[in-house]
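Q: This is the structure I want to talk about, given as structure tokens.
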Amino acid sequence: MHLANVNGRGSVIIDNRVIDVEEATDGSISSDPMELANNLNHSILSELTLNDGSPQLDESKLGPPVPRPGKIIAIAINYRSHAEEAKKEIPTEPHVMAKFPTCVTGPYSDIPMRDLEMVDYEAELVLAIGKSGLSISKANAWEHIAGIMLGNDISDRNEQFRLPLKQFSMAKSYDHFGPIGPVLATPDGFDNPEDLNISLNVDGEERQNARTGDFIFSIPVLIEWLSRYVTLNQGDLIFTGTPGGVGDSMDPPTYIRDGQIVEATLEGVGSLRNRFITGDMK
């Protein structure tokens, strides 16, 4: 099942056509897209069907499927290829940082870079929590996941590595530095939601290409480990880490320039396509 934020309203997408959730359920589920990340609603949503009036999807109307997450947890190193290019040891437990929720933006939004000169990309599988929990076991992890999205963990490498304090969370949390989408894909729609192809290109040049089956820490392991320490609430997001190929590790390091288009794709979910612009958002 593909769930989407269409023009600010929660929707189900079938065959590239739109079912408005509030209208189709006679108001029993509100139009707020945050309702899409509530597992209690999924049995109702899965029964909705197209009718003659169901409009075609206009992709330009898509917003972030989970627009107001309570918190965003990000995993720093979760592919061996990224650990190797960053010259880091393979971690024995997850390395965690935060992205502030105000970084969230839509799958096709322009990304303002202000006057920054070291802006980088990171394609990542993003989990949306659909059922709150603490101390969740690996065996029960998928029961707490509303669905999968694609995200770009955009980062200001200058701020991230600036001494004396390395500001990882701040450098990844500027407004618009967290595009997600294009849909929230429920786990039941995948043959294997733990092994998906993920890729990213800049102006058509491939930079990243990997499979999420190569995670150092699988999705159930991440859910169990994180929920040992913090409650995962319905509507929270988890960025699960990026594969090798980031611009900062190229020789020479190569960062995003004004006007470039960064397109990321996740198998079974779709693509983000964002234009990066110098200056602030108008």
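Each reported figure results from applying straightforward, stated rules to the coordinates on display, with no laboratory input. Predicted model, so just to flag it, every value in this text is computed and none were measured. When we count neighbours, we look across all protein chains shown, and the Cβ atoms used for this are built from the backbone with ideal geometry, even at glycine.
Q: Would you give the gap between the C-alpha center of region 175-196 and the C-alpha center of region 69-84, rounded to a whole Å?
A: Using only Cα atoms to place each centre, the spacing works out to 15 Å.
Q: Now, a different point. Would you calculate, for the chain, the mean residue ellipticity at 222 nm contributed by helices, counting each DSSP H stretch of 4 or more residues as -39,500 (n - 2.57) and dividing by all residues, to the nearest 500?
A: -2500 deg cm²/dmol
Q: Mind running the shape call on region 143-275? Use the C-alpha gyration tensor, a ≥ b ≥ c as the square roots of the eigenvalues: rounded below 1.5 for a/c, prolate if a/b tops b/c, oblate otherwise.
A: On the way: a/c = 1.80, a/b = 1.27, b/c = 1.42.
The shape class here is oblate.
Q: Considering only 5, 141, 64, whose Cα is most displaced toward the positive end of the charge dipole of the chain, charges sitting on Cβ of Lys, Arg (+1) and Asp, Glu (-1)?
A: About the Cα centre, the residue reaching furthest to the positive side is 141.
Q: Note down the magnitude of the dipole of the chain about its Cα centre, charges +1 on Lys and Arg C-beta and -1 on Asp and Glu C-beta and zero elsewhere, to the nearest 20 debye.
A: Rounded to the nearest 20 debye, it is 800 debye.
Q: Among DSSP bridges having both ends in the chain, what percentage is antiparallel? Round to the nearest 5. The partial results should precede the final answer.
A: Numbers: 53 of 60 bridges.
Among the beta bridges of the chain, antiparallel pairing accounts for roughly 90 percent.
Q: I'd like to know which of 215, 271, 226 lies farthest towards the positive end of the charge dipole of region 147-282, counting +1 on Cβ of Lys and Arg and -1 on Cβ of Asp and Glu.
A: Result: 226.
Q: Something else: First check a/c for region 89-165, with a ≥ b ≥ c the square roots of the eigenvalues of its C-alpha gyration tensor; if it is under 1.5, answer rounded, and if not, answer prolate when a/b is larger than b/c or oblate otherwise.
A: oblate
Q: Next question, about the same structure. Which residue fluctuates most in the GNM of the chain (Cα springs below 10 Å): 266, 165, 196?
A: 165
Q: If you keep only loop residues by DSSP, which GluC sites (Glu not before Pro) in region 85-175 have at most 16 other Cβ atoms within 10 Å of their Cβ?
A: Counting only loop positions with at most 16 other Cβ atoms within 10 Å, the GluC sites (Glu not before Pro) in region 85-175 are 89, 117.
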